[in-house]
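Notes to accompany the following structure.
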Amino acid sequence: MGRVDGKVALVTGGATGLGEADTRLLAKEGASVIITTRKKVEQGQAVVEEIRKAGGEATFLQLDVSKDDDWKRVMNEVVKKYGKLNIIVNNAGISVVKNVEETSLSDWNAVMDINSTGVFLGTKYGIETMKNSGEPCSIVNISSVEVHINEPDFFAYNAAKGAVRSITRTAAIHCCEAGYNIRVNAIYPGYIYTPMLDGEARDYGLTSEQYLAQLAEKYCPIGHVGEPIDIAYAVLYLASDESKFVTGADFIIDGGIAAK
Ligand code: NAD
C-alpha cells in the first residue's frame, strides 16, 4: 500500500528539479498527480507518460502560478477529472542573482509574482477547492533556507521566500480556526542540484561543477549539495496522513547550514 494512496496531488513547476522528484515520488506512493508547468509543456507531458508507463496516474495541465485565471481554470479541470484535490505542492519558483543595489523594480516584481503571489494563489485556491472535500488535505509550500541565512546576492528571492513563510503560517492557523481539515506547512531546502543552480552558475560565470563545489564548501556542512529526492521525501511525509498533527511548521532540509 502506498503512503498517499487514493489522494489527488497537484505540483506546480512539476516538470523539472524538485517538482519533478515530488511528482514521481507521490505517484509511486499511490497519488494521482497533476503536473503543472508554465512553459515546459513537453517536459511535463514526458513525465506524465513515464508515470503512466510505470502504472501510475498522472495528468498534465498548463498553469502560470502568477495568474489568477489560470488557477481558476486548473482547479475546475482537476475537480472535473478527479472529483477532488487533497494535496498541493507550491513548488514553482525562479531565482535572480542580484543584491539589493542591483535589483531593479522589474526584477523584484518578476520574483514576487512567481515566488510569492504564486504561492498565495496556490494556497488560496487550494483551500477553496479542498475545504468541502471531507478528506484530509495538505498544502506544502516550498520556501528556501535563504530565509534563515540571507545570502546577499539573492535579495528579491529571499524577500519572496520570507513571504512564503508568513503565507504558510497564517493560512495554517486560518484553516485550524475555520475548522478545515487542511494542513499547511513549509519546506526550506538548502542547496539542491537542479536546473536552477545551473542558471545561477551561469550568472556567476562559473561552470555548474565549479559552482557546486563552491556551494558545498560554503553552504553545506554535510559536505555536498543535496539531491531533489532529499526534498521529495519531506514533501511525501507532509502530503501524507503520517503528518496529521503537523501544521504551520518549518522543515529545514539543508545539509546543516541553518544550524551553523
Ligand atoms: P527548477 O528551475 O528546476 O524548477 C522551477 C520550476 O518552476 C521550473 O520548472 C519552472 O519552469 C517553473 N516555473 C517558473 N515560473 C513559473 C510560473 N510562473 N508558473 C509555473 N511554473 C513556473 O528549480 P528547482 O530548484 O527545482 O526549484 C523548485 C523550487 O525550490 C523553487 O521554488 C525554488 O526557489 C526552491 N528552492 C530550490 C533550491 C535549490 O537549491 N535548487 C533551494 C531552495 C529552494
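The values are calculated or read from the model by the stated rules, or taken from the named source; none is laboratory data. Keep in mind that what you see is a predicted model, and the values were worked out from it rather than measured. All Cβ positions, glycine included, derive from the backbone under ideal geometry; neighbour counts span all protein chains shown. Side chains are part of the model used for accessible areas, which takes the heavy atoms of the whole protein and leaves out ligands, DNA and RNA. Shrake-Rupley method; radii C 1.70, N 1.55, O 1.52, S 1.80 Å.
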Given the conditions (1) away from the ligand (no atom under 11 Å from the Cβ); (2) closer than 21 Å to Val33 by Cα; (3) open to solvent by 30 Å² or more (accessible area, probe 1.4 Å), every one holds for Phe155 apart from (2)
Quick test of your reading of the structure: Ala216 fulfils all but one of (1) open to solvent by 40 Å² or more (accessible area, probe 1.4 Å); (2) more than 18 Å from the chain's Cα centre (by Cα); (3) not charged (D, E, K, R). Name the failing condition by number.
(1)
Going through the stretch 1-21 in order, the residues found to be more than 12 Å from the ligand (Cβ to nearest atom) and in contact with a Pro (Cβ under 9 Å, 6 or more places away or on another chain) are Lys7
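Please tell me if Thr247 is open to solvent by 20 Å² or more (accessible area, probe 1.4 Å), of a type in the set (S, T, N, Q) and within 20 Å of Val147 (Cβ to Cβ).
Taking the combined requirement at face value, the residue satisfies it.
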Can you spot a residue in the stretch 198-212 that is surrounded by 14 or more Cβ atoms within 10 Å (Cβ to Cβ), within 21 Å of Ala163 (Cβ to Cβ) and under 14 Å from the mean Cα position of the chain (by Cα)?
no
Cβ-Cβ under 8 Å, sequence separation 6+ or interchain: first residue in the stretch 142-154 and on the phi > 0 side of the Ramachandran plot, partner not acidic (Asp, Glu). Which pairs?
Asn150/Asn158
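Which residues, taken from the stretch 171-195, are among the small types (Gly, Ala, Ser) and away from the ligand (no atom under 16 Å from the Cβ)? Let's see the steps before the verdict.
So the first thing to find is which residues in the stretch 171-195 are among the small types (Gly, Ala, Ser), and the list is 171-172, 178-179, 186, 190.
Hits for the stretch 171-195 are Ala171, Ala172, Ala178, Gly179.
Scan the stretch 136-148 and give yes if some residue there is part of a strand (DSSP E or B), within 21 Å of Ile252 (Cα to Cα), near the ligand (Cβ under 10 Å from one of its atoms) and not hydroxyl-bearing (Ser, Thr, Tyr), otherwise no.
Within the stretch 136-148, the subset part of a strand (DSSP E or B) is 137-142.
From what's left, within 21 Å of Ile252 (Cα to Cα): 138-142.
Checking which are near the ligand (Cβ under 10 Å from one of its atoms) leaves us with 141-142.
With the extra rule that they be not hydroxyl-bearing (Ser, Thr, Tyr), the set shrinks to 141-142.
Among the residues of the stretch 136-148, at least one is part of a strand (DSSP E or B), within 21 Å of Ile252 (Cα to Cα), near the ligand (Cβ under 10 Å from one of its atoms) and not hydroxyl-bearing (Ser, Thr, Tyr), which makes the answer yes.
Scan the stretch 150-180 for residues that are among the polar types (S, T, N, Q) and out of contact with any strand residue (DSSP E or B) (no Cβ under 6 Å at 6 or more places or on another chain) and jot them down.
Residues of the stretch 150-180 among the polar types (S, T, N, Q): 150, 158, 166, 168, 170.
Once the filter is applied, which keeps residues that are among the polar types (S, T, N, Q) and out of contact with any strand residue (DSSP E or B) (no Cβ under 6 Å at 6 or more places or on another chain), the stretch 150-180 yields Asn150, Asn158, Ser166, Thr170.
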